[in-house]
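Colleague: One structure follows; several queries about it will come next.
The values are calculated or read from the model by the stated rules, or taken from the named source; none is laboratory data. For clarity, every value in this text was computed on a predicted model and none was experimentally measured. Ideal geometry is used to build each Cβ from the backbone, glycine not excepted, and the neighbour counts take in all protein chains shown.
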Amino acid sequence: MTTGAPTQATPDRGPRVAASSRVAGLLVALLVLVAVALLSIAVGSRSIPLGTVLDALFHRDGSDSSYVVWSIRVPRTLIGIAVGASLGMAGALMQALTRNPLADPGLLGINAGAATAAALSVGVLGVTDLRAFVWFAFLGAAVAGFVLYVIAGRGGASPVRLALAGTAVSAALTGLTQAMTLLDTQTLDQMRFWTVGSLERADGGTLVRVLPFLVAGLVLALFLARPLNALALGDDAGKSLGAHLGWTRALTLVAVTLLAGAATAAVGPLVFVGLAVPHMVRAITGPDQRWVVPYCALLAPALLLLADVLGRVIAREEIDVGVVTALLGAPLFIALVRHTKAGRA
């Protein structure tokens, strides 16, 4: 009688400990994000002491510091948090959907669709207002996602078909965008800052316009975590576990389009955030999407804001965050690849 109790308790204790450690990790990730956000508000061409930042946040007045904090730094930080979270979650969904560890939102042509529509709006319609520019970019991302699913959807939209169709769509749209920008100098002038990727030109109005799409993508991503876990075991195993392959892939593509499309429309295409962060997260949480998605929602914006801060301080003139993420992402991803190989050796 006494020997049976411990053997039944032991299997339950391990999962509880694992879950509690993951929850603790989420709290640590949240604290890291808060710390980096405060750093983003404090650091810039004019540095503001942390105490002054906290005082301005909680006691808004008419001082110069309060103006800089609320009118410039806070909107920029909030758009960085929203965009970073969206790109991190979109990358995690992409890698789960295609079962490709090198997948990111650019693989499906979402970024290319946004860029093409933005170039068309400038070159053909003469759009110069960023408020209209964002809507065209998001529409292009949505159309690219729809075209991709139409092309790859026949036969079940398998991971290989999605990856191949996405590469083809991305290549075609990128070529069209480059042709328009090279043949029209006005389009090139309007597009060149956006295509690099920058938080500097986004404002609170930009965040308000894209936030509904980002929230919808977040909710959908959390809802899809369990079905994507089933699909990770293979199509047959996923079906046996009750996952609907077609609906899961279609809804995942919708979520990626909402997240990556809105983020790209707001600040331009940013590389490596959606690619590298899910790898870092899986090293902490394992492959369970129920934990990967929320971790990415916290750690990806922390990485993006840190890159934005570095872009403000490493040179006399501010360097756009898209350049910094590329410079940081390349060696970081190489280190992750080498670590993965060493772990498998």
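Colleague: Within the range 231-263, track down each residue that is in a loop (DSSP other than H, G, I, E, B) and of a type in the set (Gly, Ala, Ser).
Modeller: Matches in the range 231-263: Ala232, Gly234, Gly242, Ala243.
Colleague: Turning to a different aspect of this structure: Within the set of pairs 6 or more residues apart or between chains, which connect a residue that is on the phi > 0 side of the Ramachandran plot and at pLDDT below 85 inside the range 113-127 to a residue that is surrounded by fewer than 23 Cβ atoms within 10 Å (Cβ to Cβ) and of a type outside the set (D, E, K, R) with Cβ atoms less than 9 Å apart?
Modeller: If the second residue must be surrounded by fewer than 23 Cβ atoms within 10 Å (Cβ to Cβ) and of a type outside the set (D, E, K, R), the pairs left are Gly126/Gln186.
Colleague: Moving to a separate point now. If we keep just the residues of the range 32-64 that are of a type in the set (S, T, N, Q) and part of a helix (DSSP H, G or I), which is farthest from the chain's Cα centre (by Cα)?
Modeller: Thr52
Colleague: Let me ask another. Since Ala266 meets every condition but one in (1) surrounded by 22 or more Cβ atoms within 10 Å (Cβ to Cβ); (2) at pLDDT 90 or above, which condition does it not meet?
Modeller: For Ala266, the exception is condition (2).
Colleague: Another question, then. Would the range 237-244 turn up any residue that is in contact with a helix residue (DSSP H, G or I) (Cβ under 8 Å, 6 or more places away or on another chain), in contact (Cβ under 8 Å) with a residue 40 or more places away in the chain and not small (Gly, Ala, Ser)?
Modeller: Among the residues of the range 237-244, not one is in contact with a helix residue (DSSP H, G or I) (Cβ under 8 Å, 6 or more places away or on another chain), in contact (Cβ under 8 Å) with a residue 40 or more places away in the chain and not small (Gly, Ala, Ser), which makes the answer no.
Colleague: Let me ask another. Taking only pairs six or more apart or across chains, which ones have beta-carbon atoms under 8 Å, a first residue in the range 38-52 that is under 14 Å from Tyr67 (Cα atoms), and a second residue that is assigned to a loop (DSSP other than H, G, I, E, B)?
Modeller: As it stands, the answer is Ile41/Ile48; Ala42/Ile48; Ala42/Pro49, since those pairs meet every condition given.
Colleague: Moving on to the next point. Would you call Arg201 surrounded by fewer than 18 Cβ atoms within 10 Å (Cβ to Cβ), out of contact with any Asp or Glu (no Cβ under 9 Å at 6 or more places or on another chain) and part of a helix (DSSP H, G or I)?
Modeller: For Arg201, the condition - surrounded by fewer than 18 Cβ atoms within 10 Å (Cβ to Cβ), out of contact with any Asp or Glu (no Cβ under 9 Å at 6 or more places or on another chain) and part of a helix (DSSP H, G or I) - is not met.
Colleague: Could you please tell me which pairs satisfy a Cβ distance under 6 Å, a separation of 6+ or placement on different chains, a first residue in the range 163-181 that is of a type in the set (Gly, Ala, Ser), and a second residue that is part of a helix (DSSP H, G or I)?
Modeller: Ala163/Thr98; Ala165/Leu148; Ala165/Ile151; Ala165/Ala152; Gly166/Leu107; Gly166/Leu108; Gly166/Leu148; Ser170/Ala112
Colleague: Looking at Arg76, Arg22, can you tell me which residue is crowded, with 16+ Cβ neighbours inside 10 Å, charged (D, E, K, R), modelled with pLDDT of 80 or more and more than 22 Å from Leu199 (Cα to Cα)?
Modeller: Arg22
Colleague: To continue, here is another question. Quick one: which residue in Val219, Val210 is β-branched (Val, Ile, Thr), assigned to a helix (DSSP H, G or I) and modelled with pLDDT of 90 or more?
Modeller: Going through Val219, Val210 in turn, the sole match is Val219.
Colleague: Here's another thing I want to ask about it. Output yes when any residue across the range 264-282 is over 13 Å from the mean Cα position of the chain (by Cα), small (Gly, Ala, Ser) and in a helix (DSSP H, G or I), and no when none is.
Modeller: no
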